[in-house]
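One structure is given here, and the rest of the page talks about it.
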Amino acid sequence: MNVQCRLCSAPLTETFVDLGMSPLCESYVPEERLDMVESFYPLHVRICGQCLLVQLPAYVAGEDIFSDYLYFSSYSTSWVEHARRYAAQMTRQLGIGPNSLVTEVASNDGYLLQHFVADGVPVLGVEPAANIAEVARERGVRTEVAFLGAATGADIADRYGRADLVAGNNVFAHVPDIVDFSAGLAALVKPSGLVTLEFPHLLRLIESRQFDTIYHEHYQYLSLLTASRALATAGLAVVDVDELSTHGGSLRVHAMHGDAAGEQSVRVKEVLDAEAAAGLHTLDGHRGFDDAVFQIKRDLVDFLLSARAEGKRVVGYGAPGKGNTLLNHCGIRADTLAYTVDRSPHKQGWYLPGTHIPIHAPERIAEDRPDYVLVLPWNLRTEISAQLSYIRDWGGRLVFPIPEIAVV
């Protein structure tokens, strides 16, 4: 496949990691389709030798993934609380009030903007999935159904006005045309306004061997260096950055139009220095990730096979996209992981893509009293450990697969 870098157009000839073939991680399977053909696509991640953007070629168009989606942010209690804290922080920092406008891109079910609405702040969500946008509207969150780009950003700004604050949480990695998306952000925000973007940090992905965060919905895997380069194509300059614990280690970059940006905070230099020290500002510094992936795969498969041989029952908790990358790459099926559970009723009664492991309601665990529960959304370790504390009653134990297998 002859592919070019989506940021600088250089030929992509270098591999970061190749995870083989996998289905779309959110393409859950209804029972009536279990015996039908299922589409698998390559998970072959490249790195650009020129600009260093780590990226997955657009094997699947964004419209085919995000127009009808089954991920609802509000089913994570800790994520909603994270959004509430962000809203309070931005309100204080920017003096946001009834005369302001806050716009969120990929606003999902209103999990974030609802906090501004509660304070009487005008908001606008821009959400590509019509089914999710409808849920947000029911919450009182004004929402446009659209994919953001330069043209849609200009159109939305013309109709609703430009925003004092434009937020984008876990969307910057999800756009196949990062240059056009950056132009859309620039069109949405006021000349003196602020853009904040949260995304998993490539440095933490490599350090903690988080290969399960690689899936077709994630078109790129960003460092601060490459995120800054992408935003710069639209005249946006990074002025500050926060390091977050969410999603296994994320960055929140703060960006403004270049002529309003002023000096960068010292934190920007600190993060860039940490990336450089880890080798992420060179091509060679990105090599060797495939060995780390194999170690996790071997350890997890060994654990499940040993549990099966000992007559122990293992089930899963959660049905996140990352879990589907993990299970498919490791070749795990219902013979070693009987089922998984999920709090979202939109997933219950369906089956995981590729593996066809059934998804039940969380109450199933208390009914079955399994020996082990494999936690697929390991990034929510504290929240889920509290939710599942009752399995101690029968001696059940939790299993976390990443950064290394841990039975607790």
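Values computed for the structure shown
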quantity: Debye, to nearest 20: dipole size of the range 153-194, +1 on Lys, Arg Cβ, -1 on Asp, Glu Cβ; calculated: 160
quantity: With DNA, RNA and ligands ignored, accessible area of residue 209 (1.4 Å probe; Å², nearest 10); calculated: 50
quantity: Å² per residue, accessible surface of the range 258-408 at 1.4 Å; calculated: 46
quantity: For the range 304-379, average projected area of the Cα convex hull in nm²; calculated: 4.8
quantity: Solvent exposure, largest accessible area first (probe 1.4 Å, DNA, RNA and ligands not counted), of 297, 312, 269, 347; calculated: 269, 312, 297, 347
quantity: Accessible-area order (highest first, 1.4 angstrom probe) of the listed residues 385, 245, 250; calculated: 245, 385, 250
quantity: Per residue value of the accessible surface for the range 69-152 (all protein chains in place, 1.4 Å probe), Å²; calculated: 39
quantity: Percent carbon-and-sulfur accessible area, the chain, ignoring ligands, DNA and RNA, probe 1.4 Å; calculated: 49
quantity: Cβ charges +1 (Lys, Arg) and -1 (Asp, Glu), total dipole of the range 174-241, debye; calculated: 160
quantity: Estimated Rh, the range 256-390: Kirkwood, alpha-carbon pairs, angstrom; calculated: 17.8
quantity: Cysteines in the chain that, by Cβ-Cβ distance, have no pairing candidate under 4.7 Å; calculated: 25, 330
quantity: Loop sites in the range 223-285: GluC sites (Glu not before Pro), DSSP, at most 12 other Cβ within 10 Å; calculated: 263
quantity: C-alpha center-to-center spacing [the range 191-221, the range 333-358] in angstrom; calculated: 26
quantity: Cα lying deepest toward the dipole's positive end in the range 161-208, options 200, 175, 185, charges on Cβ; calculated: 185
quantity: 10 Å binning of all Cα-Cα separations within the chain, expressed as whole percents from 0 upward; calculated: 5, 22, 32, 26, 13, 2, 0
quantity: The chain: angle of helix 150-160 to the longest principal axis, Cα-based, in degrees nearest 10; calculated: 70
quantity: Accessible area of residue 147 in the full protein assembly, 1.4 Å probe (Å², nearest 10); calculated: 70
quantity: Nearest-10 value in Å² for the accessible area of residue 141, using the 1.4 Å probe; calculated: 0
quantity: Principal-axis tilt of helix 266-277 within the chain, Cα atoms, nearest 10 degrees; calculated: 50
quantity: In degrees, nearest ten, helix 77-94 long axis to first principal axis of the chain (Cα); calculated: 10
quantity: Diffusion coefficient, µm² s⁻¹, Stokes-Einstein with Kirkwood Rh over alpha-carbon pairs of the range 3-53 at 10 °C and 1.306 mPa s; calculated: 121
quantity: Förster radius 30 Å - calculated FRET efficiency between residue 276 and residue 242 (Cβ-Cβ, nearest 0.05); calculated: 0.95
quantity: Nearest-20 debye value, the range 191-297 charge dipole, Cβ charges on Lys, Arg, Asp, Glu; calculated: 120
quantity: Ranking by accessible area, most exposed first, for 156, 206 with a 1.4 Å probe; calculated: 206, 156
quantity: Cα centroid of the range 371-403 to Cα centroid of the range 82-152, whole Å; calculated: 32
quantity: Per-peptide average of other Cβ atoms within 10 Å, ordering 47-53, 231-237, 161-167 highest first; calculated: 161-167, 47-53, 231-237
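The values are calculated or read from the model by the stated rules, or taken from the named source; none is laboratory data. The structure displayed is predicted, hence computed values, not measured ones. In this analysis, Cβ positions are derived from the backbone assuming ideal geometry, glycine residues included, and neighbour counts consider all displayed protein chains. When the accessible area is computed, the model is the full protein with side chains, heavy atoms only, and any ligands, DNA or RNA have been set aside. Shrake-Rupley method; radii C 1.70, N 1.55, O 1.52, S 1.80 Å.
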